[in-house]
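The values are calculated or read from the model by the stated rules, or taken from the named source; none is laboratory data. None of these values were measured; they are calculated from a predicted model. Cβ: placed from backbone, ideal geometry, glycine included. Neighbour counts: every protein chain shown. With ligands, DNA and RNA removed, areas are computed over all heavy atoms of the protein, side chains included. Shrake-Rupley method; radii C 1.70, N 1.55, O 1.52, S 1.80 Å.
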Amino acid sequence: MTIASDRLQAIREQVQHHLDKDASEQLSPEQKRVLVERIKEQLTAHNAVIVAHYYTAPEIQALAEETGGCVSDSLEMARFGHDHPAETLIVAGVRFMGETAKILTPQKRVLMPTLEATCSLDLGCPADEFSAFCDEYPDRQVVVYANTSAAVKARADWVVTSSIALDVAEHLNAKGEKILWAPDRHLGDYVRRETGADIVMWDGACIVHEEFKARALEDLKRVYPDAAVLVHPESPQSVVEMADRVGSTTQIINAAREMDNPQFIVATDQGIFYKLQQQAPDKQFIIAPTAGNGATCRSCANCPWMAMNELESLAKVFEQGDNEIFVDAALGARAMLPLQRMLEFSASREASRR
(Lines give C-alpha, C1' and ligand atoms only; values in the text may rest on other atoms or scores of the structure.)
Protein backbone atom coordinates (compact mmCIF):
# COMPACT_ATOMS: atom_id res chain seq x y z
CA MET A 1 0.00 0.00 0.00
CA THR A 2 1.59 3.25 -1.15
CA ILE A 3 0.36 6.36 0.61
CA ALA A 4 3.43 8.35 1.57
CA SER A 5 4.01 10.66 -1.40
CA ASP A 6 0.46 12.00 -1.74
CA ARG A 7 -0.17 12.06 1.98
CA LEU A 8 3.11 13.79 2.81
CA GLN A 9 2.36 16.45 0.23
CA ALA A 10 -1.04 17.03 1.78
CA ILE A 11 0.56 17.27 5.23
CA ARG A 12 3.14 19.74 3.93
CA GLU A 13 0.36 21.91 2.58
CA GLN A 14 -1.48 21.61 5.88
CA VAL A 15 1.46 22.95 7.88
CA GLN A 16 2.48 25.57 5.36
CA HIS A 17 0.29 28.21 7.02
CA HIS A 18 2.42 27.83 10.14
CA LEU A 19 5.56 28.44 8.11
CA ASP A 20 4.03 31.40 6.28
CA LYS A 21 3.21 33.25 9.47
CA ASP A 22 5.35 36.27 10.22
CA ALA A 23 8.02 35.46 12.74
CA SER A 24 6.70 36.31 16.16
CA GLU A 25 8.21 39.30 17.86
CA GLN A 26 11.24 38.31 19.86
CA LEU A 27 10.72 38.44 23.59
CA SER A 28 13.04 40.63 25.57
CA PRO A 29 15.03 39.08 28.43
CA GLU A 30 12.71 40.84 30.89
CA GLN A 31 9.59 39.50 29.13
CA LYS A 32 11.03 35.99 29.26
CA ARG A 33 11.88 36.37 32.94
CA VAL A 34 8.33 37.44 33.77
CA LEU A 35 6.84 34.52 31.81
CA VAL A 36 9.19 32.02 33.44
CA GLU A 37 8.33 33.25 36.93
CA ARG A 38 4.63 33.06 36.13
CA ILE A 39 4.98 29.51 34.85
CA LYS A 40 6.93 28.47 37.96
CA GLU A 41 4.23 29.88 40.22
CA GLN A 42 1.52 28.04 38.31
CA LEU A 43 3.39 24.75 38.41
CA THR A 44 3.61 24.99 42.19
CA ALA A 45 0.00 26.10 42.61
CA HIS A 46 -1.36 23.26 40.46
CA ASN A 47 1.06 20.51 41.58
CA ALA A 48 2.22 20.23 37.98
CA VAL A 49 5.42 19.27 36.21
CA ILE A 50 6.72 19.90 32.69
CA VAL A 51 7.57 16.89 30.52
CA ALA A 52 9.44 18.21 27.47
CA HIS A 53 10.90 16.60 24.37
CA TYR A 54 14.45 17.19 23.10
CA TYR A 55 13.00 18.86 20.00
CA THR A 56 11.35 21.75 21.85
CA ALA A 57 12.98 25.18 22.10
CA PRO A 58 15.98 25.60 24.43
CA GLU A 59 14.08 27.89 26.82
CA ILE A 60 11.36 25.24 27.22
CA GLN A 61 13.93 22.53 27.95
CA ALA A 62 15.79 24.77 30.40
CA LEU A 63 12.56 25.58 32.23
CA ALA A 64 11.59 21.92 32.50
CA GLU A 65 14.98 21.09 33.99
CA GLU A 66 14.94 24.04 36.38
CA THR A 67 11.51 23.10 37.76
CA GLY A 68 12.19 19.42 38.36
CA GLY A 69 10.63 18.21 35.15
CA CYS A 70 11.92 15.99 32.39
CA VAL A 71 13.69 16.63 29.09
CA SER A 72 14.14 13.49 27.07
CA ASP A 73 12.97 11.22 24.27
CA SER A 74 9.42 9.90 24.08
CA LEU A 75 10.26 6.67 25.95
CA GLU A 76 11.66 8.46 28.99
CA MET A 77 8.88 11.06 28.80
CA ALA A 78 6.39 8.19 29.13
CA ARG A 79 8.26 6.71 32.08
CA PHE A 80 8.71 10.02 33.86
CA GLY A 81 5.08 11.05 33.56
CA HIS A 82 3.96 7.64 34.76
CA ASP A 83 6.22 7.66 37.83
CA HIS A 84 6.15 11.33 38.89
CA PRO A 85 3.80 12.19 41.79
CA ALA A 86 2.53 15.43 40.19
CA GLU A 87 -1.24 15.61 39.72
CA THR A 88 -0.91 17.47 36.40
CA LEU A 89 1.48 16.80 33.54
CA ILE A 90 2.34 19.62 31.15
CA VAL A 91 3.52 17.87 27.99
CA ALA A 92 5.67 20.12 25.81
CA GLY A 93 5.90 18.18 22.59
CA VAL A 94 3.34 16.92 20.11
CA ARG A 95 -0.12 15.50 20.62
CA PHE A 96 0.69 11.79 20.57
CA MET A 97 3.01 12.39 23.53
CA GLY A 98 0.16 13.95 25.48
CA GLU A 99 -2.11 11.04 24.58
CA THR A 100 0.53 8.55 25.69
CA ALA A 101 0.88 10.35 29.02
CA LYS A 102 -2.89 10.25 29.52
CA ILE A 103 -3.14 6.55 28.63
CA LEU A 104 -0.40 5.64 31.09
CA THR A 105 -1.74 7.90 33.85
CA PRO A 106 -5.50 8.22 33.28
CA GLN A 107 -5.96 9.60 36.80
CA LYS A 108 -3.77 12.62 36.05
CA ARG A 109 -4.67 15.80 34.24
CA VAL A 110 -2.63 16.19 31.05
CA LEU A 111 -2.32 19.63 29.45
CA MET A 112 -0.38 20.83 26.42
CA PRO A 113 0.60 24.36 25.36
CA THR A 114 -1.50 23.71 22.23
CA LEU A 115 -3.36 20.70 20.87
CA GLU A 116 -2.53 21.88 17.34
CA ALA A 117 0.98 20.48 17.78
CA THR A 118 0.86 17.13 16.02
CA CYS A 119 3.09 14.90 13.89
CA SER A 120 3.18 13.94 10.23
CA LEU A 121 3.62 10.28 11.17
CA ASP A 122 0.45 10.43 13.26
CA LEU A 123 -1.49 12.32 10.58
CA GLY A 124 -0.23 9.92 7.92
CA CYS A 125 -1.63 6.83 9.66
CA PRO A 126 -5.42 7.17 10.12
CA ALA A 127 -6.76 4.53 12.49
CA ASP A 128 -9.48 3.21 10.19
CA GLU A 129 -7.16 2.76 7.21
CA PHE A 130 -4.49 1.25 9.42
CA SER A 131 -6.92 -1.23 10.96
CA ALA A 132 -7.95 -2.38 7.49
CA PHE A 133 -4.29 -2.76 6.58
CA CYS A 134 -3.73 -4.92 9.67
CA ASP A 135 -6.67 -7.11 8.72
CA GLU A 136 -4.81 -8.03 5.53
CA TYR A 137 -2.00 -9.58 7.60
CA PRO A 138 -3.64 -11.43 10.52
CA ASP A 139 -0.58 -13.63 11.10
CA ARG A 140 1.77 -10.74 11.92
CA GLN A 141 2.66 -9.01 15.17
CA VAL A 142 1.56 -5.39 14.84
CA VAL A 143 4.37 -3.08 15.95
CA VAL A 144 3.68 0.65 15.88
CA TYR A 145 5.98 3.55 16.52
CA ALA A 146 5.13 5.82 19.45
CA ASN A 147 4.41 8.59 16.91
CA THR A 148 0.83 7.40 16.42
CA SER A 149 -2.64 8.10 17.78
CA ALA A 150 -4.19 6.33 20.73
CA ALA A 151 -6.52 4.53 18.31
CA VAL A 152 -3.59 3.14 16.28
CA LYS A 153 -1.81 2.06 19.46
CA ALA A 154 -4.99 0.29 20.56
CA ARG A 155 -4.81 -1.82 17.37
CA ALA A 156 -1.19 -2.83 18.03
CA ASP A 157 0.54 -5.69 19.82
CA TRP A 158 3.63 -3.60 20.52
CA VAL A 159 4.50 0.08 20.76
CA VAL A 160 8.15 1.04 20.26
CA THR A 161 10.30 4.14 20.29
CA SER A 162 13.40 4.49 18.13
CA SER A 163 15.55 3.63 21.15
CA ILE A 164 14.11 0.09 21.48
CA ALA A 165 12.86 -0.59 17.94
CA LEU A 166 15.80 -2.85 17.06
CA ASP A 167 15.58 -4.76 20.34
CA VAL A 168 11.87 -5.47 19.91
CA ALA A 169 12.31 -6.56 16.29
CA GLU A 170 15.20 -8.85 17.24
CA HIS A 171 13.10 -10.31 20.05
CA LEU A 172 10.17 -11.05 17.77
CA ASN A 173 12.37 -12.33 14.95
CA ALA A 174 14.10 -14.75 17.34
CA LYS A 175 10.68 -16.14 18.22
CA GLY A 176 9.89 -16.67 14.54
CA GLU A 177 7.29 -13.90 14.48
CA LYS A 178 6.56 -11.86 11.36
CA ILE A 179 6.02 -8.13 11.82
CA LEU A 180 3.63 -5.49 10.51
CA TRP A 181 5.34 -2.14 11.06
CA ALA A 182 3.89 1.36 11.13
CA PRO A 183 4.06 4.17 10.34
CA ASP A 184 7.61 5.32 9.44
CA ARG A 185 8.93 3.50 6.40
CA HIS A 186 12.49 4.72 6.84
CA LEU A 187 12.73 3.51 10.43
CA GLY A 188 10.98 0.27 9.48
CA ASP A 189 13.37 -0.32 6.60
CA TYR A 190 16.34 0.38 8.87
CA VAL A 191 15.02 -2.14 11.41
CA ARG A 192 14.48 -4.70 8.67
CA ARG A 193 18.00 -4.27 7.29
CA GLU A 194 19.61 -4.46 10.73
CA THR A 195 17.64 -7.42 12.12
CA GLY A 196 16.69 -9.43 9.05
CA ALA A 197 13.13 -9.62 10.39
CA ASP A 198 10.22 -10.33 8.04
CA ILE A 199 8.49 -6.94 7.98
CA VAL A 200 5.68 -5.43 5.93
CA MET A 201 5.38 -1.68 6.33
CA TRP A 202 2.86 1.07 6.33
CA ASP A 203 4.13 3.82 4.04
CA GLY A 204 4.59 6.93 6.17
CA ALA A 205 7.42 9.35 6.89
CA CYS A 206 8.46 12.30 9.05
CA ILE A 207 8.40 15.59 7.14
CA VAL A 208 11.55 16.76 8.94
CA HIS A 209 13.76 13.67 8.61
CA GLU A 210 12.47 13.08 5.07
CA GLU A 211 14.21 16.31 4.03
CA PHE A 212 17.78 15.29 4.84
CA LYS A 213 19.77 14.78 1.63
CA ALA A 214 22.78 12.51 1.12
CA ARG A 215 24.41 14.48 -1.69
CA ALA A 216 24.39 17.69 0.31
CA LEU A 217 25.64 15.75 3.32
CA GLU A 218 28.58 14.51 1.26
CA ASP A 219 29.41 18.12 0.35
CA LEU A 220 29.22 19.19 3.98
CA LYS A 221 31.41 16.31 5.05
CA ARG A 222 34.13 17.63 2.74
CA VAL A 223 34.00 20.95 4.59
CA TYR A 224 34.22 19.18 7.97
CA PRO A 225 36.33 16.08 7.27
CA ASP A 226 36.90 15.34 10.97
CA ALA A 227 33.22 15.45 11.83
CA ALA A 228 31.31 12.29 12.72
CA VAL A 229 27.83 11.96 11.24
CA LEU A 230 25.02 11.21 13.70
CA VAL A 231 21.72 10.18 12.11
CA HIS A 232 18.25 9.42 13.41
CA PRO A 233 16.87 6.28 11.70
CA GLU A 234 13.74 8.11 10.52
CA SER A 235 16.04 9.55 7.83
CA PRO A 236 16.23 8.14 4.28
CA GLN A 237 18.47 5.12 3.73
CA SER A 238 20.99 7.12 1.69
CA VAL A 239 21.55 9.39 4.71
CA VAL A 240 21.59 6.53 7.23
CA GLU A 241 24.29 4.79 5.18
CA MET A 242 26.58 7.80 5.64
CA ALA A 243 26.27 7.75 9.43
CA ASP A 244 29.06 7.01 11.87
CA ARG A 245 26.33 6.35 14.44
CA VAL A 246 22.60 5.75 13.94
CA GLY A 247 20.26 6.06 16.89
CA SER A 248 17.42 7.64 18.80
CA THR A 249 17.71 11.13 20.22
CA THR A 250 19.12 9.79 23.49
CA GLN A 251 21.55 7.53 21.63
CA ILE A 252 22.71 10.46 19.50
CA ILE A 253 23.40 12.52 22.62
CA ASN A 254 25.30 9.63 24.19
CA ALA A 255 27.34 9.15 21.01
CA ALA A 256 28.36 12.82 20.94
CA ARG A 257 29.50 12.59 24.54
CA GLU A 258 31.39 9.32 24.09
CA MET A 259 33.05 9.76 20.69
CA ASP A 260 36.37 11.56 20.33
CA ASN A 261 35.49 13.62 17.25
CA PRO A 262 35.70 17.39 17.76
CA GLN A 263 32.78 18.02 15.40
CA PHE A 264 29.49 16.31 14.62
CA ILE A 265 27.06 16.65 11.73
CA VAL A 266 23.62 15.85 13.12
CA ALA A 267 20.65 14.62 11.09
CA THR A 268 17.67 15.13 13.35
CA ASP A 269 15.60 18.05 14.63
CA GLN A 270 17.79 20.97 15.62
CA GLY A 271 16.11 21.22 19.02
CA ILE A 272 18.45 18.46 20.17
CA PHE A 273 21.38 20.90 19.99
CA TYR A 274 20.48 22.31 23.42
CA LYS A 275 21.14 18.98 25.09
CA LEU A 276 24.08 18.13 22.81
CA GLN A 277 25.88 21.34 23.74
CA GLN A 278 24.99 20.83 27.39
CA GLN A 279 26.39 17.29 27.43
CA ALA A 280 29.44 17.97 25.22
CA PRO A 281 30.25 21.69 25.59
CA ASP A 282 33.71 21.38 24.06
CA LYS A 283 32.43 20.02 20.75
CA GLN A 284 30.93 21.64 17.67
CA PHE A 285 27.57 20.55 16.22
CA ILE A 286 26.50 21.21 12.65
CA ILE A 287 23.01 20.57 11.35
CA ALA A 288 22.82 18.17 8.41
CA PRO A 289 21.61 19.76 5.17
CA THR A 290 17.98 19.47 4.14
CA ALA A 291 16.15 19.89 0.86
CA GLY A 292 16.89 23.55 0.39
CA ASN A 293 14.75 26.65 0.58
CA GLY A 294 11.54 24.75 -0.16
CA ALA A 295 11.91 22.21 2.61
CA THR A 296 8.89 21.88 4.86
CA CYS A 297 11.12 21.98 7.89
CA ARG A 298 12.28 25.50 6.89
CA SER A 299 15.60 24.05 5.73
CA CYS A 300 16.84 24.13 9.29
CA ALA A 301 15.60 20.78 10.58
CA ASN A 302 12.91 22.14 12.84
CA CYS A 303 9.54 20.46 13.25
CA PRO A 304 6.88 23.16 12.74
CA TRP A 305 4.67 21.53 15.39
CA MET A 306 7.38 21.25 18.05
CA ALA A 307 8.02 24.95 17.47
CA MET A 308 4.44 25.68 18.63
CA ASN A 309 5.53 25.02 22.22
CA GLU A 310 6.35 28.55 23.40
CA LEU A 311 6.81 30.32 26.70
CA GLU A 312 3.71 32.43 26.01
CA SER A 313 1.49 29.39 25.54
CA LEU A 314 3.03 27.65 28.56
CA ALA A 315 2.21 30.69 30.67
CA LYS A 316 -1.45 30.35 29.65
CA VAL A 317 -1.65 26.57 29.86
CA PHE A 318 -4.04 26.57 32.84
CA GLU A 319 -6.29 29.27 31.36
CA GLN A 320 -6.99 28.08 27.84
CA GLY A 321 -9.76 25.57 28.47
CA ASP A 322 -9.23 23.78 25.16
CA ASN A 323 -5.82 22.20 25.66
CA GLU A 324 -6.50 19.21 27.91
CA ILE A 325 -5.88 15.71 26.60
CA PHE A 326 -8.77 13.26 26.87
CA VAL A 327 -8.67 9.61 25.79
CA ASP A 328 -11.75 7.40 25.81
CA ALA A 329 -11.43 5.00 28.74
CA ALA A 330 -12.05 1.83 26.73
CA LEU A 331 -9.69 2.93 23.97
CA GLY A 332 -7.07 3.91 26.53
CA ALA A 333 -7.31 0.52 28.23
CA ARG A 334 -6.59 -1.22 24.92
CA ALA A 335 -3.74 1.15 24.07
CA MET A 336 -2.30 0.65 27.54
CA LEU A 337 -1.48 -3.00 26.80
CA PRO A 338 1.17 -2.45 24.09
CA LEU A 339 2.48 0.64 25.89
CA GLN A 340 2.93 -1.31 29.11
CA ARG A 341 4.58 -4.08 27.13
CA MET A 342 7.03 -1.49 25.77
CA LEU A 343 7.90 -0.18 29.23
CA GLU A 344 8.30 -3.65 30.72
CA PHE A 345 10.41 -4.85 27.79
CA SER A 346 12.64 -1.79 28.00
CA ALA A 347 13.09 -2.17 31.75
CA SER A 348 13.95 -5.85 31.33
CA ARG A 349 16.52 -5.08 28.64
CA GLU A 350 18.14 -2.37 30.72
CA ALA A 351 18.32 -4.67 33.75
CA SER A 352 19.97 -7.43 31.70
CA ARG A 353 22.67 -5.03 30.47
CA ARG A 354 23.70 -3.83 33.91
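Quick notes
- Among the residues of region 122-165, those that are within 13 Å of residue 202 (Cβ to Cβ) and among the basic types (Lys, Arg) comprise 140, 155.
- Taking first residues from region 183-204 that are farther than 22 Å from residue 136 by Cα and partners that are among the polar types (S, T, N, Q) and not in a loop (DSSP other than H, G, I, E, B), the Cβ contacts under 6 Å between residues at least 6 apart in sequence or on separate chains come to 195/173.
- Verdict on residue 142 being in a strand (DSSP E or B), more than 19 Å from residue 76 (Cβ to Cβ) and open to solvent by 20 Å² or more (accessible area, probe 1.4 Å): no
- Within region 319-346, residues that are in contact (Cβ under 8 Å) with a residue 12 or more places away in the chain have Cβ atoms under 9 Å from residues that are assigned to a helix (DSSP H, G or I) and open to solvent by 60 Å² or more (accessible area, probe 1.4 Å) in these pairs: 325/95; 343/82, counting only partners at least 6 apart in sequence or on another chain.
- Among residues that are part of a helix (DSSP H, G or I) and either more than 16 Å from the chain's Cα centre (by Cα) or surrounded by fewer than 20 Cβ atoms within 10 Å (Cβ to Cβ) (or both), residue 170 is included.
- Check on residue 157, open to solvent by 10 Å² or more (accessible area, probe 1.4 Å), out of contact with any Phe, Trp or Tyr (no Cβ under 8 Å at 6 or more places or on another chain) and touching a residue at least 40 places away in the same chain (Cβ under 8 Å): yes
- Within region 212-229, being in contact (Cβ under 8 Å) with a residue 24 or more places away in the chain and over 20 Å from residue 245 (Cβ atoms) holds for one residue alone: 219.
- Restricted to region 24-107, the set of helices (runs of 4 or more DSSP H) holding at least 3 residues that are buried (at least 22 other Cβ atoms within 10 Å of the Cβ) comprises 58-66, 74-83, 95-104.
- In region 156-205, the residues that are over 15 Å from residue 121 (Cβ atoms) and of a type in the set (Phe, Trp, Tyr): 158
- Matching residues in region 243-265 - criterion: being more than 17 Å from residue 53 (Cα to Cα) and either open to solvent by less than 50 Å² (accessible area, probe 1.4 Å) or modelled with pLDDT under 95 (or both): 243, 246, 255, 256, 259, 261, 263, 264, 265
- Highlighted here are the helices (runs of 4 or more DSSP H) found entirely within region 223-330 that include at least 2 residues which are under 20 Å from residue 164 (Cα atoms): 237-240, 249-258.
- Check on residue 203, under 24 Å from residue 301 (Cβ atoms), out of contact with any strand residue (DSSP E or B) (no Cβ under 8 Å at 6 or more places or on another chain), surrounded by 18 or more Cβ atoms within 10 Å (Cβ to Cβ) and not hydrophobic (A, V, I, L, M, F, W, C): yes
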